[in-house]
Amino acid sequence: MDSVRDGDCVLFVWHSSQATDLVSRTIEDLRSRVGNSGEILLENVERISLAGHKESKFDVIASATLSPSCVIHTSPLLAEYVRILKPGGRLVLREPTCRVGDVTNMRSPEKMTSALKLNGYTNISEVRQVNLSEGEHEELRRAIAKAYLHEENSLMSVKVVEVQAKKPAFELGASQQLALSLVNKGGTQSKVDSNVAKVWTLSAADLNDDDVELLDSDELLDEDDLKRPDPESLRVACGTTTGGKKKACKNCTCGLAEELEEEESGKKKSKPAATSACGNCYLGDAFRCSSCPYLGMPAFKPGEQVKLTPRQLLGDV
């Protein structure tokens, strides 16, 4: 492991499927690398969450770097690693991968890299495929089939990859105060109005809804607002007389244009005035009943032709 240096505190994580004599030789090799000032700790991956290691303790974590590398590094496991790594600490891991959808519980190298990013790692190296001998490949398939209940024949496309990543050079949850200059261009320091600061300050009492005084909506209306409007006041500009003659406005929609056409052609027909169950349809929504077909339409004068859309004729479904 080239990432281990003299004086490092290293956590070596192994899996129960790996041979104990190979683990022992690897530990001895790591001890020679870190020297007397360094420290090597050995941990089983299945008990890493129960070990209770202190935060920011290790310079390097080597996870499942021995054959067979059958450990799937889940998000909780990666989160635990980033917790116990020192700021700037290094993680080296090996993991079996496959094409998307080939084997259940396994992911592609791209998905593994994405999981590292989502758990806060930076400086993620390029994924490197680990070359395995035929015997190591067979041993890997047996270990995965036993750990994750897969058929060995379905694991032919599984490949082991290695990747390295770093914890950011700051502690999780760390904060730093920003240096804000309150000196204006004239060289004098601007003062902050204390009353302005109070406006943006919330206390526990401000969040108690029981103490908030609510206004009654009925109190917002006076007597003039409750009076029934005069129908004459609802008349629109269309229909005003010019020189004693009725004239429809441009793009007339109230029916006056059709009425004038009928008068000119001598085919004027008497039209009954609009009837209503409550007699208030023409006054507007404030005076209409709940089943009125004119709901949502503006007020109109009595006898005025009002067109309903097909949706209003059919009713809301």
- Task: Give me the distance in nm between label points sitting 7 Å out from Cα along the Cα-to-Cβ direction at residue 117 and residue 215, one decimal.
- Result: 5.0
- Simple SL model, points at 7 angstrom along Cα→Cβ for residue 129 and residue 178; separation in nm is 4.8
- Message: Could you tell me which residue out of 35, 73, 122 lies farthest along the dipole of region 9-166 toward its positive end? Charges go on the beta carbon: Lys and Arg +1, Asp and Glu -1, centred on the Cα centre.
- Response: 122
- Taking r as the C-beta separation of residue 287 and residue 265 and R0 as 41 Å, the FRET efficiency to the nearest 0.05 is 0.65
- Message: Using a 7 Å offset from the Cα along the Cα-to-Cβ direction at both residue 36 and residue 49, what is the distance between the two label points in nm, to one decimal?
- Response: 4.1
- Dividing the convex hull volume of the alpha carbon atoms of region 9-166 by its residue count, what do you get in Å³ per residue? 112
- Grab the beta carbon distance between residue 25 and residue 154, set R0 = 30 Å, and tell me the FRET efficiency rounded to 0.05. 0.40
- Task: Mind putting a number on the dipole of region 9-166 about its Cα centre? Charges go on the C-beta only, +1 for Lys and Arg and -1 for Asp and Glu, and I need it in Debye to the nearest 20.
- Result: 540
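Every number in this text was worked out from the coordinates using simple rules, so none of it is lab data. Just so you know, these numbers come straight off a predicted model, no measurement behind them. Using ideal geometry, Cβ is built from the backbone for each residue, glycine included, and neighbour counts are taken over all protein chains shown.
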